[in-house]
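**Student:** Below is the structure I would like to discuss, written out as structure tokens.
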Amino acid sequence: MKKLLLLSATALVAFSCGQKNKAHISGTFSGISKDTIYLEMLTTKGRTVVDSTVTNQQGNYRFTVSTPVAAPTFYNIVYKQSSIPVIVSPGEKVKVNSLCDLGRNYTVEGSDDSKLLKEFNTMYSNGVRSLDSLANLYSETRPTPDNDARRTALLREYTQRYVKIKREHIAFIVKNASSMAAVYALYQRLPNDEALFNANDDRVYYRMVADSLADKYPASPHVIALLRDVKTQDDAAALAQQVSRQQAETAGLNHPEITLQDMFGKDHKLSELKNKAILLTFWSVTDPKGPAMNNEMKELYKEFSGKGFDIYQVSLDSDKASWILAVQAQKLPWTNVIDPNGFTGLPAMSYNVAATPVNFLINRRGNITGRNLQGAALRTRVAELTR
């Protein structure tokens, strides 16, 4: 689904011109003597240079800005190829000092939002570097039989690191949902990933931030765009559910139809398992609980597959290679398919899946009779449905 708000280090939010709401940005960039630095305002259409100045002999500089509205605005302080992002509110006097490495070694005072932004960017940059390092090691390890174990270990470590980074980012957003820094965090990207926070996958976080900021900054174009994005997500989910219901009615089902491909590119419909008791499960190889969950399902499958029970497992991973590796390594015998669109795909939206793992138990008549059943409760229900 296309996002209405594309907020990243190079494009954030729309703004309307104005000359009110003055604020000041100043500081010292050690080692940058009598050289030009620029101030950019970040918008959905790109970066717009709004001012420039020349540092003095000691590296001191100063900008005076007029924020477009009475709300925080995103800026970049730019020197050559490096930049420092700040969030400036009307009336603030923000001081940003830096030593040598402009983008990494800096301090900020006079703006709580900018301090939070620095905290997030430090965490974000460390995460990107760690993932890049693992990706490079994987690329440098040739795909030979002798290296299979090493490559598998690197993939596993990459997945675990990714999960850890996302959890850290979620914690930051939840803790700081009332700060504009949370809006910035929602739209950052990691290597080989469209966005760390997927529009439908993480709708709860988009809505949390939007609701927290709507009353606080109702005139902010940042918040207006975020609210519009949340509405687009909700509308897309509602449409997907409507389409899925129509498909189900056409197929004579009481639950949404799913058609996805296995690792060999072959289509598999959920309706192919019609007249069986079905455990429909959505999962991701990045979930540390995945192997234990699959082991539990293997026991169920072994006991009840001969009695009219089957499993249809949907991966919501964007990395198909990691999914194939997991399915093969764990020797999963049932129907395994993947939707690289993840939580924005029709299957996940049709079943209103907002997190993984999640399962749905479907009886022989096609009715969903249970959700997120685990352990003894799941086994008892499967036994009842296969009598």
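**Student:** Of these, Glu109, Glu157, which one is without any contact (Cβ under 8 Å) to a residue 24 or more places away in the chain, closer than 22 Å to Trp323 by Cα and either surrounded by fewer than 19 Cβ atoms within 10 Å (Cβ to Cβ) or not hydrophobic (A, V, I, L, M, F, W, C) (or both)?
**Tutor:** Sole residue among the options that is without any contact (Cβ under 8 Å) to a residue 24 or more places away in the chain, closer than 22 Å to Trp323 by Cα and either surrounded by fewer than 19 Cβ atoms within 10 Å (Cβ to Cβ) or not hydrophobic (A, V, I, L, M, F, W, C) (or both): Glu157.
**Student:** What residue, among those in segment 88-106 that are under 19 Å from Ile37 (Cα atoms) and touching a helix residue (DSSP H, G or I) at 6+ places or on another chain (Cβ under 8 Å), is surrounded by the most Cβ atoms within 10 Å (Cβ to Cβ)?
**Tutor:** The extreme case among them is Val88.
**Student:** Moving to a separate point now. With Ser284, Ser315 as the choices, which residue is among the hydroxyl-bearing types (Ser, Thr, Tyr), modelled with pLDDT under 95 and within 17 Å of Asn372 (Cα to Cα)?
**Tutor:** Ser284 is the lone residue from the list that is among the hydroxyl-bearing types (Ser, Thr, Tyr), modelled with pLDDT under 95 and within 17 Å of Asn372 (Cα to Cα).
Each row is one residue, and each column tells you yes or no for (1) among the small types (Gly, Ala, Ser); (2) within 22 Å of the chain's Cα centre (by Cα).
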{"position": "Val86", "(1), (2)": "no, no"}
{"position": "Gly91", "(1), (2)": "yes, no"}
{"position": "Asn97", "(1), (2)": "no, no"}
{"position": "Leu102", "(1), (2)": "no, no"}
{"position": "Thr107", "(1), (2)": "no, no"}
{"position": "Gly110", "(1), (2)": "yes, no"}
{"position": "Phe120", "(1), (2)": "no, yes"}
{"position": "Ser133", "(1), (2)": "yes, yes"}
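**Student:** Then there's this: On the basis of being assigned to a loop (DSSP other than H, G, I, E, B) and either modelled with pLDDT of 85 or more or touching a His at 6+ places or on another chain (Cβ under 8 Å) (or both), does Pro333 make the cut?
**Tutor:** In short, yes.
**Student:** Can I ask one more? Looking only at segment 364-384, which residues are within 20 Å of Gln246 (Cα to Cα) and crowded, with 17+ Cβ neighbours inside 10 Å?
**Tutor:** Correct list: Gly366 only.
**Student:** So, one more: Quick check on segment 340-356: of everything there that is within 16 Å of the chain's Cα centre (by Cα) and not in a helix (DSSP H, G or I), which residue is modelled with the lowest pLDDT?
**Tutor:** Per the stated criteria, the residue is Ala354.
**Student:** Quick one: how many residues across segment 357-382 are assigned to a helix (DSSP H, G or I), touching a residue at least 12 places away in the same chain (Cβ under 8 Å) and out of contact with any Phe, Trp or Tyr (no Cβ under 7 Å at 6 or more places or on another chain)?
**Tutor:** Number satisfying all stated conditions: 4.
The values are calculated or read from the model by the stated rules, or taken from the named source; none is laboratory data. These numbers come from a predicted model, not from an experiment. Here the Cβ is made from the backbone with ideal geometry for all residues, glycine too, and neighbour counts use every protein chain on show.
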